[in-house]
Amino acid sequence: MHFKNSCATVSVLVLCFCPLLAQTSKDRAVPEISGLPAAASAAAASIDPEKIRAHVRFLSLDLLEGRGPGTRGAELAAEFIATQFALSGLEPAGDNGSYFQKVPLIAVHTVEDKTKFAFVPASGNPVDLTYGSQIVSKDETGQASADIDAPIVFVGYGIHAPEYNWDDYAGVDVKGKIALVIVNEPPSENEKFFKGKTMTYYGRWTYKYEEASRRGAVGVLIIHRTDLASYGWPVVQNSQAVEKSYLVGEPTDTLRAAAWIQHDVAQHLFNLAGLGDLDKGIERAGQRGFRAQELNVRLKAHIESRVRKYDSTNVVARVAGASNNPENAVLYTAHYDHLGIDPDAKGDGIYNGAADNGTGCGILIEMARAFAQSSQRPPHAMYFSAVTAEEQGLLGSQYLGEHPPVPARDISLDLNYDMLLPIGVPLSADLGGAERIDFWPTIQAVAKDFDLKLLPDPDPSAGHYYRSDHFSLARAGIPAFSVDEGVLFEGHDEAWGRAQFADFVEHHYHQPSDEYHADWDFRGNAKLASFGFVLGWLASEQSHPVEWQSGDEFEAARKASERN
């Protein structure tokens with residue numbers, strides 16, 4: 001649902017920003033690419049960093065109130081993006097001939113001062129937990145209140161993976177109980193065992209909730225440890241301080257307490273249960289022979305939630321291809337939502353999300369313009385979707401993957417853009433997951449032409465592939481990955497790049513300080529947009545669709561989509 005007179009409002013705002021949007025500059029050079037028509041090269045070269053800047057600046061204004069899904073600010077952002085698509089000449093590809101795809105959601109906000117958690121040992125006094133600094137939680141069911149008094153079962157990493165002969169739930173029943181789980185997955189150096197150092201989906205917190213839900217658990221306590229999560233407790237705390245949304249009707253959203261606990265709190269729980277040192281317990285849980293056990297400690301909780309049902313929207317548009325054949329379409333995605341406003345914040349509570357993900361949206365809008373205004377149509381249709389509720393657990397892209405604008409079998413590739421820091425011109429790119437598809441040799445060749453060194457994932461255990469919207473499309477069978485910067489930038493060494501990213505993650509990621517800065521350098525965003533433009537064009541002109549490498553975890557989903 002879009003607020004009354006929204007189109008008129010956005011039209012006025014767009015006009016106000018016309019001086020920025022109208023800026024022009026000399027076309028950026030695009031290297032000569034084998035098989036790329038001159039018209040496509042010219043269109044890719046027209047991608048303008050200052051246009052990207054203008055979009056990012058607007059989308060991260062306080063006016064948009066952090067773009068929380070289902071809020072006026074998010075609706076305004078969606079209308080702005082749709083208006084930009086329309087101005088550039090893209091066709092609508094959403095519901096009922098519009099640019100909007102309705103995504104039905106339930107939003108849950110935990111009422112912190114009315115929510116109580118405590119560990120209750122078999123003997124001794126209850127241990128009250130401080131909400132926010134020690135525990136955060138959401139009731140996935142969308143009910144206004146929940147009372148829990150249930151035993152806690154330590155199930156290690158909470159993984160059932162038959163292909164690795166691994167079952168943390170063996171011998172225990174967690175129905176009606178609380179599953180205590182470790183974030184991430186068992187450590188491995190063996191590529192045939194949880195893919196070695198590269199995290200699989202089993203390590204993601206979303207999987208922990210889903211698996212426990214399938215087994216009838218009433219709640220989950222995920223143990224946070226910074227090295228295993230790849231981010232500190234403030235990221236967890238800030239992400240849970242605001243509303244969390246869930247897709248209506250999702251069968252695994254059954255947990256009354258989908259919670260995280262801080263490492264020291266988990267250690268205290270281990271002490272109460274007589275389990276000793278937590279980190280040694282985590283080490284044991286990663287070894288064969290681990291057995292889950294029910295603790296002599298219960299979790300008692302009263303949870304109150306503010307709940308609202310609402311419709312958010314994905315923005316979906318299309319550039320027609322030269323061929324009317326629906327096959328070999330290419331999809332570009334970027335999420336436009338962020339965390340909204342923290343009503344309990346003292347001081348600035350607006351999560352502006354300039355880098356995350358104003359940058360991806362700016363790239364998406366400008367790339368769409370370049371395709372739409374190219375003097376030559378792409379070989380097949382190009383789709384562009386700004387998706388909602390990524391910060392809520394990739395919900396908008398999940399819905400898009402389940403309801404794509406054309407059948408999933410006809411989408412050859414999804415390229416996603418998410419949080420590209422505008423700090424200069426990259427000489428390297430992070431394309432984690434691109435090596436999993438048969439288009440990889442072309443990707444390598446084009447990267448070389450663009451003077452982009454393809455660096456290995458510096459932190460494969462962080463599971464980055466499963467943390468952005470391309471993952472939702474991959475689950476639908478569509479070959480997909482994100483285009484991101486590496487750590488090597490023009491005029492700097494890799495240490496400088498690593499330092500820039502580390503500083504952003506520590507001080508700005510998922511914090512109100514992720515705001516637009518006038519001195520940001522968007523040339524790198526434009527370079528990676530041009531790079532993605534070329535990749536999409538080349539994928540679209542292939543005589544066959546892009547496929548997963550044989551044996552990949554998403555190959556079965558691809559084959560299933562091709563049978564439908």
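So, by mean Cβ neighbours within 10 angstrom, what's the order for 99-105, 529-535, 240-246 with the highest one leading?
The peptides rank, most packed first, as 529-535, 240-246, 99-105.
Consider just the alpha-carbon atoms of region 259-334 and return their Rg together with their Dmax, both in angstrom.
24.9, 68
Using amide H atoms built 1.01 Å from N in the peptide plane, name the residues 5+ places from Y99, or on other chains, whose amide H lies under 5 Å from its own.
HN-HN under 5 Å from Y99: G94.
Among DSSP beta bridges lying fully in region 314-412, give the percent that are antiparallel, nearest 5.
Among the beta bridges of region 314-412, antiparallel pairing accounts for roughly 50 percent.
Provide the per-residue ³J(HN,Hα) series for region 356-363, in order, calculated from phi with Karplus coefficients 6.51, -1.76, 1.60 and θ = phi - 60°, each as a whole number of Hz, with x at glycine and proline positions.
10, 9, x, 5, x, 5, x, 5
Tell me the label only: which of (i) 75, 63, 47; (ii) 76, 51, 49; (iii) 114, 60, 50 is Cα extents along the principal axes in Å as calculated from this structure?
Entry (ii).
Any idea of the accessible area per residue across region 114-209, 1.4 Å probe, to the nearest Å²?
41 Å²
From the backbone phi of region 122-129, what are the Karplus-calculated ³J(HN,Hα) couplings (6.51 cos²θ - 1.76 cosθ + 1.60, θ = phi - 60°) in whole Hz, Gly and Pro given as x?
So the Karplus estimates, Gly and Pro as x, are 4, 9, x, 7, x, 10, 6, 10 Hz.
What residues have an amide H closer than 5 Å to that of S312, excluding those fewer than 5 places away on the same chain, when H is modeled at 1.01 Å from N in the peptide plane?
V103, L105
Where the accessible area of the chain is counted over protein heavy atoms with a 1.4 Å probe, how much of it, in %, is carbon and sulfur?
Working: 10840 of 21700 Å².
Its accessible area is 50 percent carbon and sulfur atoms.
For each pair in K197/K527; K102/K300; K175/K197; K175/K559; K138/K177, compute the distance between the two Cα atoms and list the pairs where it is over 26 Å.
In this structure, K197/K527; K102/K300; K175/K197; K175/K559 exceed 26 Å between Cα atoms.
So for the chain: antiparallel DSSP bridges make up what percent, rounded to the nearest 5?
Numbers: 52 of 83 bridges.
Looking only at bridges with both residues in the chain, the antiparallel portion is about 65 percent.
What accessible area per residue comes out for region 325-434, rounded to a whole number of Å², with a 1.4 Å probe?
Accessible area per residue: 23 Å².
Rounded to the nearest 500 deg cm²/dmol, what is the calculated helix-only ellipticity per residue at 222 nm for the chain, with -39500 (n - 2.57) per DSSP H run of length n ≥ 4? Intermediate values should be presented prior to the final figure.
Values: 17 runs with 172 residues, N = 564.
Rounded to the nearest 500, it is -9000 deg cm²/dmol.
About the Cα centre of the chain, how large is the charge dipole given +1 on each Lys and Arg Cβ and -1 on each Asp and Glu Cβ? Please answer in debye to the nearest 20.
Using only the charged Cβ atoms, the result is roughly 980 debye.
Which residue, chosen from A529, H510, P121, occupies the Cα position most advanced towards the positive end of the dipole of the chain, where the dipole is computed from +1 (Lys, Arg) and -1 (Asp, Glu) charges on Cβ about the Cα centre?
P121
By how many degrees, 0 to 90 and rounded to 10, does the Cα axis of helix 440-449 deviate from the longest principal axis of the chain?
Around 60 degrees separate the two axes.
Compare the Cα positions of G360, S375, V153 along the charge dipole of the chain (+1 at Cβ of Lys, Arg; -1 at Cβ of Asp, Glu; about the Cα centre) and return the one farthest towards the positive end.
Final value for the positive-end residue is V153.
Figure the gain on full extension for S98 and E435 (residue separation times 0.36 nm, minus the Cα-Cα span) and round it to one decimal in nm.
Length gained between S98 and E435: 117.8 nm.
Rounded to the nearest 10 degrees, what's the angle between the helix 263-273 long axis and the longest principal axis of the chain, both from Cα atoms, 0 to 90?
30 degrees
Please list, ordered by chain and number, the residues whose modelled amide H lies under 5 Å from the amide H of D451; skip anything fewer than 5 residues away on the same chain.
Amide H to amide H, under 5 Å and 5 or more residues apart or across chains, D451 pairs with nothing.
Post the alpha-carbon centroid distance, region 363-395 to region 316-336, in whole angstrom.
8 Å
Give the angle, between 0 and 90 degrees and rounded to the nearest 10, that separates the Cα long axis of helix 72-88 from the longest principal axis of the Cα atoms of the chain.
Between helix and principal axis, roughly 20 degrees.
Provide the convex hull volume over Cα atoms per residue for region 494-543, in Å³.
Hull volume normalised by residue count: 130 Å³.
If you put +1 on each Lys and Arg Cβ and -1 on each Asp and Glu Cβ, how big is the dipole of region 363-424 around its Cα centre, in Debye rounded to 20?
It comes to approximately 320 debye.
Report the one residue of G463, A499, F489 whose Cα lies farthest in the direction of the positive end of the charge dipole of region 456-500 (charges on C-beta: Lys and Arg +1, Asp and Glu -1; origin at the Cα centre).
So the residue furthest toward the plus end is G463.
What are the ³J(HN,Hα) couplings of region 132-147, residue after residue, when phi is run through the Karplus curve with 6.51, -1.76, 1.60 and θ = phi - 60°? Round to Hz, x for glycine and proline.
So the Karplus estimates, Gly and Pro as x, are x, 7, 10, 8, 9, 7, 9, 8, 5, 6, x, 8, 6, 8, 8, 10 Hz.
The values are calculated or read from the model by the stated rules, or taken from the named source; none is laboratory data. What you see is a predicted model, and the numbers here were worked out from it, not measured in a lab. So basically every Cβ, Gly included, is an ideal-geometry build from the backbone, and we count neighbours across all protein chains shown. Note: areas computed on protein heavy atoms with side chains; ligands, DNA, RNA excluded. Shrake-Rupley method; radii C 1.70, N 1.55, O 1.52, S 1.80 Å.
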